[in-house]
Amino acid sequence: MPNYSISKKAKIGNNVSVKDFTIIEDDVVIGNNVEIGSNVYIANGARIADNVKIHHGAVVSTVPQDLKFSGEDTVFEIGEGTVIREYATLNRGTKESGKSSLGKNCFIMAYTHIAHDCHIGNNVIIANSVQMGGHVEIGDWAIIGGIVPIHQFTKIGIHVMIGGGFRTVKDVPPYALAGNSPLKFEGINTVGLRRRGFTNKQISDIKTAYDIIYYSGYNVSDAVKKINESGSISDEVKIILKFIAESKRGLVKG
């Protein structure tokens, strides 16, 4: 007899392996070729794509740690090929956005907490014991070092790298390296960008934009105006300007 509990109402794909003492509730959808370790709890609202691996003790799609939550039906989506390591806790959304989501090919290390209404892009690496408040947004290819607390409603741009142990309470713009205490902009993630095929011209354009934003003496609004007046703007710089326009918590300092 199997030593696990899988609801007959759950929708389970082909070639799904489940280890002992795991619980899968009614309103769960799991794709093909998924590996689920022992003592995993997959609660109502879990939507798990193909080729996901969930390790021992992880908790997926449990109710939000939010006093405003009133039992509404929401989900937690996990994209194809993502790995969830031991004892990570992933809370589903609230009525604010209806879901929490985690993209494709992410690597979520042990003891990470992803709170309600968080939205994480593709190819993101989150190291051990990162703790997110609600409504955090993390862009594609970001890397978050271990033991980083991320304040609710914080946005982290694409291709960002944040060093381990640094409290993150302001928005971190695309392509940035961030570290120190308090957290600050410490340059662009040049090594990561080169690994992902960015050209010298693309990297130079990003660096020039950040030189204006952080090192020219302008405030952010004037720096953005200066960049817009400079003529032709590359796609990478457009992404930076869009991020700044949508920032609500303000950017990390330089």
Would you mind telling me the antiparallel percentage of the DSSP bridges in region 107-195, rounded to 5?
15
Tell me which chymotrypsin sites (Phe, Trp or Tyr not before Pro) from region 149-184 have a DSSP coil assignment and no more than 16 other beta carbons within 10 Å of their own.
Phe153
Pairs to check: Lys184/Lys238; Lys68/Lys238; Lys8/Lys155; Lys99/Lys242; Lys53/Lys248; Lys155/Lys226. Give those whose C-alpha atoms are more than 31 Å from each other in this structure.
Lys68/Lys238; Lys8/Lys155; Lys53/Lys248
What net charge is computed for the residues neighbouring Ser181, neighbours being all others with C-beta under 15 Å from the C-beta of Ser181, Lys and Arg scored +1, Asp and Glu -1?
+3
Any residue on another chain or 5+ positions along whose placed amide H is under 5 Å from the amide H of Ala142 is listed here as Ile125, His159, Val160
Sort Ile30, Ile78 by Cβ crowding within 10 Å, fewest neighbours at the top.
Ile30, Ile78
Name the residue farthest towards the positive end of the dipole of region 129-195 from the options His159, Asn180, Ile144, assuming +1 on Cβ of Lys and Arg, -1 on Cβ of Asp and Glu, about the Cα centre.
Asn180
Answer label, with Rg and Dmax of the Cα atoms in Å calculated from the coordinates and candidates (1) 19.7, 64; (2) 20.3, 82; (3) 19.7, 70:
(3)
Highest to lowest packing among 122-132, 11-21, scored as the average C-beta count within 10 Å:
122-132, 11-21
Checking understanding here: applying a Kyte-Doolittle mean of at least -1.0 and a length along the axis of at least 18 Å (C-alpha), which whole DSSP H helices in the chain pass?
200-215
Taking every DSSP bridge whose two residues both lie in the chain, the antiparallel percent to the nearest 5 is 5
Evaluate E = 1/(1 + (r/R0)^6) for Asn14 and Asp73, where r is the Cβ-Cβ distance and R0 equals 35 Å; express this FRET efficiency to the nearest 0.05.
0.85
Are there any GluC sites (Glu not before Pro) in region 157-244 that are in a DSSP loop and have at most 12 other Cβ atoms within 10 Å? List them by number.
Glu229
Can you give me the Cα centroid spacing of region 137-173 and region 188-211 in angstrom?
19
Tally Lys and Arg at +1 and Asp and Glu at -1 over the other residues with C-beta under 9 Å from the C-beta of Ala110: what net charge comes out?
0
About its Cα centre, the chain carries a charge dipole, from +1 on Lys and Arg Cβ atoms and -1 on Asp and Glu Cβ atoms, whose size in debye to the nearest 20 is 460
Kindly provide the Kirkwood hydrodynamic radius of region 5-135 in Å, to one decimal, from all pairs of distinct alpha carbon atoms.
14.1
Would you mind getting me the FRET efficiency between Ala245 and Asn3? Use the beta-carbon distance for r and R0 = 41 Å, nearest 0.05.
0.20
Which length gain, in nm to one decimal place, applies between Gln202 and Ile147 when the Cα-Cα distance is subtracted from 0.36 nm times their residue separation?
16.7 nm
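Taken together, the values in this text are just the output of simple stated rules run on the coordinates, not laboratory data. Every value quoted in this text rests on a predicted model; they were computed, and no experiment measured them. Glycine also receives a Cβ, built like all others from the backbone with ideal geometry; neighbour counts cover every protein chain displayed.
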